[in-house]
Amino acid sequence: MDARKQVIVIGVCGSVAAVEDVKLIRELRRQNFDVYVVMSENAKNIVGKDALEWASEHKVTDKISGSVEHVYFCGVQGIADLLLICPCTANTLSKIACGIDDTSVTTFATTALGSKKKIIIVPAMHISMYHNPFVAENVENLKKQGIKFVEKFEGNKVKFPDIDEIVRVVKEEISKFKD
Ligand SMILES: Cc1cc2nc3c(=O)[nH]c(=O)nc-3n(C[C@H](O)[C@H](O)[C@H](O)COP(=O)(O)O)c2cc1C
């Protein structure tokens, strides 16, 4: 019998970099991960739900329903081994840092934090947003909580990193022991 594949849930936010997620999902699957997607309403303006369903070969969560998807994936007994919020907007990372939970992605993150699940955040935005003092403080607070950041600074942007780099960090984090 096949060993259970490790499960990665990708939280997709409304950054223009969300268009990169189709390739990222395919690469993670090539690396033998089972990939599920949760997306915010604003992400739907950037990348199509159908494309993410095609890439992951799973239904995409874009709304928390009576099936309590956040608990199914990110609760203490949830099937997710890691929540990868990628790309993450200034909006979503700030909400997570403040315990605000009003989108599908922030509901998954709130639950994952409470369950001590591994979380990686890949921010993508103009540097002026990232250097906003409140956003910068929120980033620091999230890092203090053990959330891993993959940041690629280039020019006046925090850019979407190379897919190989994201995959490398995912593999590194998922292999670490966490109680
Ligand atoms: C075309 C477009 C591109 C955007 N790119 C970014 C971005 O790269 N980073 C960011 O933080 N916000 C970006 N925004 C703004 C976010 O979509 C906005 O803050 C939204 O409220 C985020 O919602 P979410 O965090 O729930 O996905 C962009 C908006 C649009 C319309």
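Looking at (1) under 15 Å from Ile120 (Cβ atoms); (2) in contact with a helix residue (DSSP H, G or I) (Cβ under 7 Å, 6 or more places away or on another chain), which one does Ala51 not meet, given that it meets all the others?
Checking Ala51 against (1) under 15 Å from Ile120 (Cβ atoms); (2) in contact with a helix residue (DSSP H, G or I) (Cβ under 7 Å, 6 or more places away or on another chain), the one that fails is (1).
Every residue, every condition in (1) more than 15 Å from the ligand (Cβ to nearest atom); (2) touching a helix residue (DSSP H, G or I) at 6+ places or on another chain (Cβ under 6 Å); (3) outside any strand (DSSP E or B); (4) of a type in the set (A, V, I, L, M, F, W, C), yes or no:
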| position | (1), (2), (3), (4) |
| --- | --- |
| Ile85 | no, no, no, yes |
| Lys116 | yes, no, yes, no |
| Ile119 | yes, yes, no, yes |
| Val135 | no, yes, yes, yes |
| Val139 | no, no, yes, yes |
| Lys143 | yes, no, yes, no |
| Phe153 | no, no, no, yes |
| Val169 | yes, no, yes, yes |
| Glu172 | yes, no, yes, no |
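Identify all residues within the stretch 25-44 that are more than 17 Å from Lys59 (Cα to Cα) and within 16 Å of the ligand (Cβ to nearest atom); write none if there are none.
Asn42 - this is the single residue of the stretch 25-44 that is more than 17 Å from Lys59 (Cα to Cα) and within 16 Å of the ligand (Cβ to nearest atom).
Name the residue, out of Ser94, Ser15, that is in contact (Cβ under 8 Å) with a residue 40 or more places away in the chain, within 16 Å of the ligand (Cβ to nearest atom) and more than 24 Å from Arg168 (Cα to Cα).
Working: Ser15 fails: more than 24 Å from Arg168 (Cα to Cα).
Unique residue meeting the criteria: Ser94.
In the stretch 52-83, what count of residues is obtained for those that are within 16 Å of the ligand (Cβ to nearest atom) and among the aliphatic types (A, V, I, L, M)?
Result for the stretch 52-83: 4.
When only residues in the stretch 1-32 that are of a type in the set (D, E, K, R) and closer than 21 Å to Val158 by Cα count, which is surrounded by the fewest Cβ atoms within 10 Å (Cβ to Cβ)?
Going through the qualifying residues, I end up with Lys23.
Whether any residue in the stretch 80-97 is at pLDDT 95 or above, surrounded by fewer than 17 Cβ atoms within 10 Å (Cβ to Cβ), within 16 Å of the chain's Cα centre (by Cα) and within 30 Å of Lys59 (Cβ to Cβ) is what I want to check.
Scanning the stretch 80-97, I find no residue that is at pLDDT 95 or above, surrounded by fewer than 17 Cβ atoms within 10 Å (Cβ to Cβ), within 16 Å of the chain's Cα centre (by Cα) and within 30 Å of Lys59 (Cβ to Cβ), so the answer is no.
Of the residues that make up the stretch 126-141, is at least one under 24 Å from Gln77 (Cβ atoms) and of a type outside the set (D, E, K, R)?
no
Can you pull out the residues in the stretch 44-70 that are under 18 Å from Glu27 (Cα atoms) and buried (at least 20 other Cβ atoms within 10 Å of the Cβ)?
Listed by number, the residues that qualify are Val47, Leu52, Ala55, Ser56, Val60.
The values are calculated or read from the model by the stated rules, or taken from the named source; none is laboratory data. Only a predicted model underlies this, so the values are computations on that prediction, with no experimental measurement involved. Cβ: placed from backbone, ideal geometry, glycine included. Neighbour counts: every protein chain shown.
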